[in-house]
Structure formats: structure tokens, C-alpha cells
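Colleague: Pasting in a structure now, in C-alpha cells, and then I'll have a few things to ask.
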Ligand code: ME8
């Protein structure tokens, strides 16, 4: 037999890399949680997954913030990169590699992609003059900017722009217009969701100008090969992290097998860099293109943009501490259709915790398991023949995985959870309808079947909800007596059933209600 043919299919997924110019915020937490959920889903579904995340440490924004704080750029980057790693740890983010663009391996990788683009004839030296937003680290055409009532000229994301004139290397982006349009046409899934795809296509159809890709007014970046007076434009450096992360330029490194990436998860504000510049750089360097770029929406606190001046910046560490990690993960994933903007507030979070988790899923598990504990000495009873209602609820549970797979393959995380929670609701109706507490006296054999069927449905829900809520589901699967090596999606769909006769550990509540702390 050929060992290669039995090897699992690879799945390479990335987040955007974060500017470590401040402490990580809720938008960063949101992107990490969603990407982690997609990664965990594929792992449990049998893929060989590589999940990359990290920090984007160079550029003018970092230099300016460091100057304001009177520290060096590397000190600023290190401090905030450590905070981001701590946040990832707190939120159970299962990354395989955390990359920092200040690493020497990354400098080497970026210099190599530059050389390949130059060898292809796509880089030339000239003079740049135009508008630049330090906050977006982006160049804008004059007609993309407007002067506000405050006399400040701003770019399309609302950040101030300044006039820049300097000697600069350029990338011949204009030469890639037709090839990019052909890419969007032949690979309709390259950009998602559709609204973002349309935005990119019309931007490219509007005409592409060559892109300034080096700066000489500061030196915090990757040096241009052969011309160390220039550092590379931070986006050339940043985008390249996705190939450095799997070993570029060492194409015989074992992780290189993960390239091309299956998906880059990013926010909607940086779609242009990922869906226009990045494929053009890769085409120029002769490197395979990622299969898909998916942009999520922005989060708003009570519908308002989070900003330091408004004072509504919520610290993701305190959110996790207040509500619980799995609760926060579940809330964002279920509440916000992935790809759209979303809003969060205390009442909405508490409603999800108490309704979906404590009442619906938590109670179903707790009531059935404590009946098994008290009335059956903690041993999962042997079922009798299945009735029509048993078969109906089992069929619903068996059908979840196919629906979830389809939703997750198009990043519709909320739809996978919706489908799962509709089975939670069905299972509650089944449990209430069968009334096993009454059957204990009237028909004990039937009660055993109902408890068995309920435990099997709870098992499948808990297995399928692991990507969203890894800790809580692990705890629930522990008290269902499911061994660690029987928690993958291969056990879903009805081929495998929970085993009767096993002694279960004492049930503990997994989804407590949120109770308001007493006010001071
Ligand atoms: O853009 N809601 O870094 P970044 C949801 N370094 N997502 C948000 C958000 C919000 N309020 N605010 C930011 C950068 N994000 C670059 C990326 S990738 C090669 C380089 C998202 O720290 C944002 O859209 O400003 C991006 O995907 C990520 O957080 C990092 O943002």
C-alpha cells in the first residue's frame, strides 16, 4: 500500500497578523475565535491542519507609536506581541505557529520574494508623490480622499492622510489588471463574501496604478536587497508572513506542503491588500495563489465604533473573565453572521448564555445525566427497540454533520451553530414529550430507551460544538464517558453510537446561568 495515499488532506488557515502598536482589542479576539473555530472543525473532520497567526511589527505606525511612548519599536512590538499570545492562550486559540515579522527567518523570506519579483522585471526605482494614511499603512488616490469640515483630509476608512514625496521602488501592479480580473472570473470562490468580491472587482476594473513598495524616511522594516537605504513597504513584508509561516523560501521544508493556503481570514478593511496586491505579488514571484480570502465584518459596541476617544474600547481579557471563554466564543459566533458587521452588549451576551447554553443545552444534558446518575447508578442504560419518535430525533442528530460541513466550508459558522441548536430544541421537545421522569414508574424499560437516545443526541451535539466551545464540550464529553479518541467527526452521523453499560462520572453542570453580581 502507498502510505502517501492514506495521509490526511492538508488544510492551511491564517488570521491577519496584528499591528502590535497597542494592546489587542475585541476585533482581534473575534478574528482569532472565528479562525480557531474553522481550524478546529477541519481538524476534527480529519484534515491535517496548519493554523498561523502572529504580529505585523514594522512600518511607520509602529515607529510613531513607539516614539510617542519613548521606547524602541522592538520593545513596543515585543510587549504587545506577548499580550496577544496571552490573549490567544486565554481564548483557547489552537494556532500551530505564532509568527512575528521581526524574526530573521521572515526577513530572509521577504527578501527572497522581492528578488523573485525583481527578476521577473516587476520592480523599478522612481519617485513617489501622493497621499498616505499611516493608520491604514495605505496609499490612496486623490479621488479616494475627502477634506472634512475640520479641514483634515481623510481616506476611505476615515483615517487622516498626509502628502508623501520620496524616492521609492515601485511594483508594476498595473501590469496585473487583466490577470487579476481573469482570476476573479475563473476562481469565483477566491473572494468571499460576494459583497467583498464585487467591491474588489470594481476597484480593479477602475484601473490599477503601480504601487510604491519602499520607504526611505525611516528604517524600521525589511531592507531592500542591494539598496539598504530603503525599507520595504510594510504590506509587502506583512503579506509574505503567510508563506514564511510554512517555511518559504525553503520549499523542501516539511511545512511547505501546506502551501497554497486554503483560506486567509481577515477583516473587511484589508480586503484590497489580500485580494489585489497579494495575488499580484505571488503571480510575479511565480508562487501558487491562496485558494480563498474571506473577510469578516466589524464589531461595534452597542452599535458604536470602538475608539479610545469614545471610551468604549472593551478589553477582551475582562470579557472572558466576566462571562467565561466558551460563552464569549459562542456568543460572537452565533450572534454575528460571519461576514457581516455585528454589535455586542451585556444584555445580548447574557441572553445567549442563559437561553441557548444554560436553559437549552445545559439543562438537557443535566436533566438526562442526573436521572442516569440517580436512577441507574450512573450506568448508561441499555435501550430497547426504537420508537418512531426515537428514530426521528436520532435522524435529526445524524443529519447535523452534513449541514455543518457545508456551512463551515463556506465560513458560515453561525449557520452550523443554528443547525446544531435547532436539534437542541428538538431534543428538548422530545425529552419533555417522552417525560422519562414519569416513565420511571409506568414503563421503566421505555424510560431506559429514552435516556439512552437522549444521551446519544447530547453526545453528537457536544462533539459537533467542540470547535466553538472546546473546554465546555470536553467537560460534557467527559461526563458522558466518551474517550478522548472517540470525539472526532468520524463518530457522527449514526455509524457509531454511544455505548450502553458504561459507568459515567458524576454529572456536573457545564453551562451555568449568568447571575448579575450584587451591585455595590
Ligand atoms: O490590519 N472588528 O492589523 P490590525 C472586527 N497588520 N475586526 C477588526 C476590528 C473590529 N472592530 N478592528 C480590526 C492589520 N479588526 C494588518 C494586517 S495581514 C497581512 C496584516 C481586524 O491590527 C482587522 O480587520 O489593524 C484585521 O483583520 C485584524 O483585526 C488585525 O487588524
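Colleague: If only one of 321, 288, 295 is crowded, with 19+ Cβ neighbours inside 10 Å and either closer than 30 Å to residue 128 by Cβ or more than 15 Å from the ligand (Cβ to nearest atom) (or both), which one is it?
Modeller: On the way: 321 fails: crowded, with 19+ Cβ neighbours inside 10 Å; 288 fails: crowded, with 19+ Cβ neighbours inside 10 Å.
Residue meeting the stated conditions: 295.
Colleague: Could you go through region 181-191 and let me know if any residue there is over 26 Å from the mean Cα position of the chain (by Cα), over 17 Å from residue 289 (Cβ atoms) and more than 16 Å from the ligand (Cβ to nearest atom).
Modeller: No; the residues of region 181-191 include none that is over 26 Å from the mean Cα position of the chain (by Cα), over 17 Å from residue 289 (Cβ atoms) and more than 16 Å from the ligand (Cβ to nearest atom).
Colleague: Continuing with this model, one more query. Please give the helices (runs of 4 or more DSSP H) falling wholly within region 306-419 in which 1 or more residues are closer than 22 Å to residue 268 by Cα. Break it down stepwise before answering.
Modeller: Values: elements: 316-323, 325-335, 346-352, 363-375, 388-409.
Of the helices (runs of 4 or more DSSP H) lying wholly inside region 306-419, those with at least 1 residues that are closer than 22 Å to residue 268 by Cα span 316-323, 325-335, 388-409.
Colleague: Related question: Report yes if some residue within region 25-42 is more than 20 Å from residue 326 (Cβ to Cβ) and in contact with a helix residue (DSSP H, G or I) (Cβ under 6 Å, 6 or more places away or on another chain); otherwise report no.
Modeller: So far as region 25-42 goes, no, none of its residues is more than 20 Å from residue 326 (Cβ to Cβ) and in contact with a helix residue (DSSP H, G or I) (Cβ under 6 Å, 6 or more places away or on another chain).
Colleague: Select from region 237-257 the residues that are more than 8 Å from the ligand (Cβ to nearest atom) and surrounded by 24 or more Cβ atoms within 10 Å (Cβ to Cβ) and list them in ascending order. Give the derivation first.
Modeller: Initially, region 237-257 is screened for residues more than 8 Å from the ligand (Cβ to nearest atom), giving 237, 240, 243-257.
If the condition is that a residue be more than 8 Å from the ligand (Cβ to nearest atom) and surrounded by 24 or more Cβ atoms within 10 Å (Cβ to Cβ), then 237, 240, 243, 244, 245, 246, 248 are the ones that fit.
Colleague: Pull up region 7-19, narrow it to residues that are more than 9 Å from the ligand (Cβ to nearest atom) and within 15 Å of the chain's Cα centre (by Cα), then point me to the one that is surrounded by the fewest Cβ atoms within 10 Å (Cβ to Cβ). Break it down stepwise before answering.
Modeller: Keep residues of region 7-19 that are more than 9 Å from the ligand (Cβ to nearest atom), which gives 7-13.
With the extra rule that they be within 15 Å of the chain's Cα centre (by Cα), the set shrinks to 11-13.
Values: 11: 21, 12: 27, 13: 26.
Checking each candidate, the answer is 11.
Colleague: Just to check your reading of the model, which residue among 88, 56 is surrounded by fewer than 23 Cβ atoms within 10 Å (Cβ to Cβ) and in contact with a strand residue (DSSP E or B) (Cβ under 9 Å, 6 or more places away or on another chain)? Explain how you work it out, then say what you get.
Modeller: Numbers: 56 fails: surrounded by fewer than 23 Cβ atoms within 10 Å (Cβ to Cβ).
It is 88.
Colleague: Scan region 117-134 and tell me whether some residue there is surrounded by 15 or more Cβ atoms within 10 Å (Cβ to Cβ) and in a helix (DSSP H, G or I).
Modeller: Yes, region 117-134 contains at least one residue that is surrounded by 15 or more Cβ atoms within 10 Å (Cβ to Cβ) and in a helix (DSSP H, G or I).
Listed here are the residues, each with its yes/no results for (1) in contact with a helix residue (DSSP H, G or I) (Cβ under 6 Å, 6 or more places away or on another chain); (2) over 17 Å from residue 507 (Cα atoms); (3) part of a helix (DSSP H, G or I).
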position: 432; (1), (2), (3): no, yes, yes
position: 450; (1), (2), (3): yes, yes, yes
position: 453; (1), (2), (3): yes, yes, yes
position: 456; (1), (2), (3): no, no, yes
position: 462; (1), (2), (3): yes, no, yes
position: 472; (1), (2), (3): yes, no, yes
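Colleague: Output the residue which, of all residues in region 417-449 that are without any contact (Cβ under 8 Å) to a residue 60 or more places away in the chain and closer than 30 Å to residue 39 by Cβ, is farthest from the chain's Cα centre (by Cα).
Modeller: 426
Colleague: So which of 178, 150, 88, 143 ends up being at pLDDT below 95 and in a helix (DSSP H, G or I)? Even if it seems obvious, please write down each step before you answer.
Modeller: On the way: 178 fails: at pLDDT below 95; 150 fails: in a helix (DSSP H, G or I); 88 fails: at pLDDT below 95.
Selected residue: 143, the only one of 178, 150, 88, 143 that is at pLDDT below 95 and in a helix (DSSP H, G or I).
Colleague: Something else about it: Considering 66, 32, which residue is buried (at least 24 other Cβ atoms within 10 Å of the Cβ) and within 16 Å of the ligand (Cβ to nearest atom)? Let's see the steps before the verdict.
Modeller: Numbers: 66 fails: buried (at least 24 other Cβ atoms within 10 Å of the Cβ).
Going through 66, 32 in turn, just one is buried (at least 24 other Cβ atoms within 10 Å of the Cβ) and within 16 Å of the ligand (Cβ to nearest atom): 32.
Colleague: Applying the selection to region 157-187, what residues are touching a helix residue (DSSP H, G or I) at 6+ places or on another chain (Cβ under 7 Å) and under 17 Å from residue 61 (Cβ atoms)? Before you say what the answer is, go through the steps one by one.
Modeller: Step one: of region 157-187, the residues touching a helix residue (DSSP H, G or I) at 6+ places or on another chain (Cβ under 7 Å) are 157, 171, 173, 176-177, 179-181, 183-184.
157, the sole residue that qualifies.
Colleague: A follow-up question, please. Check off (1) surrounded by fewer than 18 Cβ atoms within 10 Å (Cβ to Cβ); (2) assigned to a helix (DSSP H, G or I) for residue 71 and give me the number that stays unchecked.
Modeller: Looking at each condition in turn, residue 71 falls short on (2).
Colleague: Among the listed residues 54, 22, 27, which satisfies the condition of being within 11 Å of the ligand (Cβ to nearest atom), closer than 30 Å to residue 414 by Cα, touching a residue at least 24 places away in the same chain (Cβ under 8 Å) and part of a helix (DSSP H, G or I)? Talk me through it step by step, then tell me what you get.
Modeller: Working: 54 fails: part of a helix (DSSP H, G or I); 22 fails: part of a helix (DSSP H, G or I).
Matching residue, one of 54, 22, 27: 27.
Colleague: Ok, one more. Out of region 222-236, which residues are touching a helix residue (DSSP H, G or I) at 6+ places or on another chain (Cβ under 6 Å) and within 11 Å of the ligand (Cβ to nearest atom)?
Modeller: Going residue by residue through region 222-236, those that are touching a helix residue (DSSP H, G or I) at 6+ places or on another chain (Cβ under 6 Å) are 222, 225, 235.
Passing the criteria: only 235.
The values are calculated or read from the model by the stated rules, or taken from the named source; none is laboratory data. Since the structure is predicted, the reported quantities are computational estimates derived from the model, not experimental observations. Positions of Cβ are generated from backbone atoms using ideal geometry, with glycine treated the same way; all protein chains shown enter the neighbour counts.
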